[in-house]
Amino acid sequence: MKILALDTSNQAMSVAVMVDGQVLAEMTLNRKKTHSEQLLPTIDHLLQLSALTPEALDRVVVADGPGSYTGLRIAVTTAKTLADTLQLELVGISSLATLAAGALRTKDIIVPLMDARRQNVFAGMYQWLDGALINVAADRHVALEQLLAELALLKQPVTFIGGDVAKFRDAIKARLGAQAHFVDAVSALPQAGRLALLGQQAAPVPPATFVPRYLRLTEAETNWLKTHDDKGHAPYVEKV
Amino acid sequence: MSERELILAFESSCDETSVAVVENGVTILSNIIATQINSHKRFGGVVPEVASRHHVEQITDCINLALAEAKVSYADLTAVAVTYGPGLVGSLLIGVTAAKTVAYAHHLPLIPVNHMAGHIYAARFVKPLVYPLLALMVSGGHTELVMVTAPGEFAIIGETRDDAAGEAYDKIGRVLGITYPAGKEVDRLAHLGQDTFHFPRAMDGEANLDFSFSGLKSAFINTVHHADQIGETLDRNDLAASFQAAVVDVLVDKTMQALREHPVSQLVIAGGVAANQGLREAMTAALATQFPAVDVVIPPVRLTGDNAAMIGAAAHIELAKQHFADETLNAVPNLNFARA
Ligand SMILES: [Zn+2]
């Protein structure tokens, strides 16, 4: 199976080409440059290096959230359009699972984490079981303080992973002490090769209805729902 | 390879996701428009993050519908075109990303199109354009007088210094309790009332061709608030008629002034506000007395609002000039024509 995997859910961008379980090419960029400008040229470059054309692919695997809203939309739109236009299989994998897959050789609970501002984070809980990465608590938008309180109750070792972990390291240590473990800066970046591995067994989804998992309503919708009932207002988008 | 030139065009600059197939720059084979108005009505205006999310939901569906309705396949296409600005960056990025991906996947040239050029070239579906021509571009985001000196060559000769005309409609509409977008309803009420309030015609009669609508908007809001404070009820129809008369007067006067300074044989009225009946009537009447030889071209309502067919028409001109973009194409939210 020939897989293209892509993740632009945060500042780092990672793209990989995997054929029959082997990574042929992988590139991770961690410069602050717009994903819009660099994603497709990188895909093109890596496919060329792999001696493949886009139509030769079987499957596109994309990190579909949570993450930066604009970033998610770049990879998800690229993935769903590519899959739709060339009739390839499409698979969405949690961008938190993608990060968690970078924490190897640990029995700890793995907590991938992204800054969601105002002391909130996007986070999930994962664990390796017989070589498979298991999601033990769903990805969600949560106050950092609440997440740390829940983890303290578990009384199990926890490995934190993700580019934003450094920002919260002091707060995490203060709350969890020796229970908290951290990975190095290289493992903290998403690696699309791992994303491809996670996505090679997953069931494909239809591209037309595929959207990012934002895990948060927009602020406008949240405020509107405080005083309105959602019923009777749909459809919000109509073909005219 | 087919003899026909077929452009698959994308438009997602604001709150419409649209994909079209245009043949030879003049024939619309399909023009799928998914409008989000019903969603943004909840908030009284377009919320950029909500708009971006809807575009992602819609984009591939619109592509497939556009190809199916046009009865063409990817193999038949000559090029892919997309609006890359101006507009909301998050919205623009969905069309740009999808268009780039389709072009890349099918080894097709990618044509970047200025959204404003698209609005002007919507007129090409009505009749052939004669250069040089003058375009009055009026929409929710823009109010500009543009000289089109040759195919695809644009120069701004006048523009709004603050609010766009359409924006002013939405703001005073809110004061009248009209849900977003207000243009159509204000236009309807205006036809039932009289210009009794005589709001200011800002910059009218000045030597330049620029516009200003924020003073008019403030005068309108102050009038209504003052009446509220003294417990007086003003006639909504007269308010709408007075507002519309002020907007239309300035648009018509400045257009006539532009025609005096820049002799052309064709005037194109472009953008969403071109659907306004009051503007159409006043402009036609003014031309009949002052410039009877000038041919006014106003696209049908479906083509004055945002749609991808107009992007396909503008792309036809760019294709002839071989103006292509590569896979690094990005959205340019503040893209504009050069000032003359
Ligand atoms: Zn427009």
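The values are calculated or read from the model by the stated rules, or taken from the named source; none is laboratory data. Keep in mind that this is a model prediction, so the values were computed, not measured. Cβ coordinates were reconstructed from backbone atoms using ideal geometry, including for glycine residues, and neighbour counts include every protein chain displayed. Only protein heavy atoms, including side chains, enter the accessible area calculation; ligands, DNA and RNA are left aside. Shrake-Rupley method; radii C 1.70, N 1.55, O 1.52, S 1.80 Å.
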Checklist outcome for this item: Interface residues of segment A:34-73, defined as losing at least 40 Å² of accessible area versus the chain alone with a 1.4 Å probe, are A:36, A:37, A:40, A:44, A:54, A:73
Next on the checklist: What whole-number distance in Å separates the alpha-carbon centres of segment A:86-120 and segment A:171-230?
Outcome noted: 6 Å
Checklist entry - Mind listing the phi-derived Karplus ³J(HN,Hα) values for segment B:105-119, rounded to whole Hz, using 6.51, -1.76 and 1.60 with θ = phi - 60°, and x for any glycine or proline? => result 5, 10, 6, 10, x, 10, 10, x, 10, 6, 3, 5, 4, x, 4
Checklist entry - Per residue of the protein assembly as shown, what 222 nm ellipticity follows from adding -39500 (n - 2.57) for every DSSP H run with n ≥ 4, rounded to the nearest 500? => result -12000 deg cm²/dmol
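Of all DSSP beta bridges located in segment A:26-146, what percent are antiparallel, nearest 5?
Numbers: 13 of 18 bridges.
Of those bridges, close to 70 percent are antiparallel.
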Checklist outcome for this item: Any lysines whose Cα falls less than 21 Å from that of residue A:239, other than same-chain ones fewer than 8 residues away, would be A:80, A:231, B:41, B:71, B:184
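Checking a compactness column here: for segment A:96-182, what do you get for Rg(Cα) / (2.2 N^0.38 Å), N being the number of residues? Please report the intermediate quantities before stating the final value.
Working: Rg = 11.7 Å, N = 87, 2.2 N^0.38 = 12.0 Å.
It is 0.97.
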Checklist entry - How well do other chains shield peptide B:88-101, expressed as the mean number of their Cβ atoms within 10 Å of each residue Cβ? => result 5
Checklist entry - Rounded to the nearest 5, what % of the DSSP beta bridges within the protein assembly as shown are antiparallel ones? => result 60 percent
Next on the checklist: Let me check against my output: what whole-number percent is the relative contact order of chain A, with C-alpha pairs under 8 Å and at least 6 apart?
Outcome noted: 22 percent
Item to check | Number of partner chain Cβ atoms within 10 Å, mean per residue of B:323-335 | outcome: 2
Item to check | Solvent-accessible area per residue for the protein assembly as shown (1.4 angstrom probe, square angstrom) | outcome: 40 Å²
Next on the checklist: From the convex hull of the Cα coordinates of segment B:212-340, what is the mean projected area in square nanometres?
Outcome noted: 11.7 nm²
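Leaving ligands, DNA and RNA out of it, report the carbon-plus-sulfur percent of the accessible area of segment A:96-182 at a 1.4 Å probe. Before the final figure, lay out each step's value.
Details: 2250 of 4310 Å².
Reported share for carbon and sulfur atoms: 52 percent.
Computed on protein heavy atoms with a 1.4 Å probe, what is the summed buried accessible area for the chain pair A and B, in Å² to the nearest 100?
3700 Å²
May I ask you to give the percent of accessible area on segment B:244-302 that is carbon plus sulfur, with a probe radius of 1.4 Å? Spell out each step's value before the answer.
Values: 1300 of 2180 Å².
Ligands and nucleic acids excluded, carbon and sulfur reach 60 percent.
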Checklist entry - On average, how many beta carbons from a partner chain sit within 10 Å of the beta carbon of a residue in B:105-113? => result 2
Checklist entry - Taking a 1.4 Å probe, which of A:226, A:239 shows the most accessible area, and what order do the others take after it? => result A:226, A:239
Item to check | Debye log10 I(q)/I(0) for the protein assembly as shown, one point scatterer per Cα, at q = 0.06 Å⁻¹ | outcome: -0.37
Checklist entry - Label 7 Å along Cα→Cβ of residue B:336; segment B:157-174 residues with amide nitrogen under 20 Å? => result B:157-169
Next on the checklist: Output wanted: per-residue J couplings in Hz (rounded whole) for segment B:29-37, from phi through Karplus 6.51 cos²θ - 1.76 cosθ + 1.60, θ = phi - 60°, x for Gly and Pro.
Outcome noted: 8, 7, 7, 7, 10, 9, 9, 9, 3
Checklist entry - Among the residues of segment A:191-224, which ones have their accessible area go down by 30 Å² or more when all the protein chains sit together, as opposed to their chain alone (1.4 Å probe)? => result A:208, A:211, A:214, A:218, A:220, A:221, A:224
Item to check | Exposure rule at most 14 other beta-carbon atoms within 10 Å, DSSP loop trypsin sites (Lys or Arg not before Pro): chain B longest free segment | outcome: B:162-320
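So in segment B:130-298, what percent of DSSP beta bridges are antiparallel if you round to the nearest 5? Please report the intermediate quantities before stating the final value.
Details: 12 of 20 bridges.
Counting only bridges with both partners in segment B:130-298, antiparallel ones make up about 60 percent.
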Next on the checklist: Taking θ = phi - 60°, what integer Hz values does the Karplus form 6.51 cos²θ - 1.76 cosθ + 1.60 yield along segment B:195-211, in sequence order, with x for Gly and Pro?
Outcome noted: 6, 9, 9, 6, 5, x, 9, 5, 6, 5, x, 6, 5, 7, 9, 8, 10
Checklist entry - Given springs between every Cα pair under 10 Å in a Gaussian network model of chain B, which of B:76, B:15, B:163 has the largest fluctuation? => result B:76
Checklist entry - With no solvent and one point per C-alpha, what does the Debye sum give as log10 I(q)/I(0) for segment B:130-288 at q = 0.14, 0.18 Å⁻¹? => result -0.66, -1.04
Checklist outcome for this item: Note to self: C-alpha centroids of segment B:144-185 and segment B:235-283 sit apart, in Å, by 11 Å
Checklist outcome for this item: Residues from segment A:74-101 losing no less than 40 square angstrom of accessible surface in the full protein assembly compared with the chain alone, 1.4 angstrom probe, ligands and nucleic acids excluded, are A:77, A:80, A:81, A:84, A:85
Checklist outcome for this item: Log entry: pair-distance distribution for chain B, C-alpha pairs binned every 10 Å from zero, whole % per bin is 6, 26, 32, 23, 10, 2, 0, 0
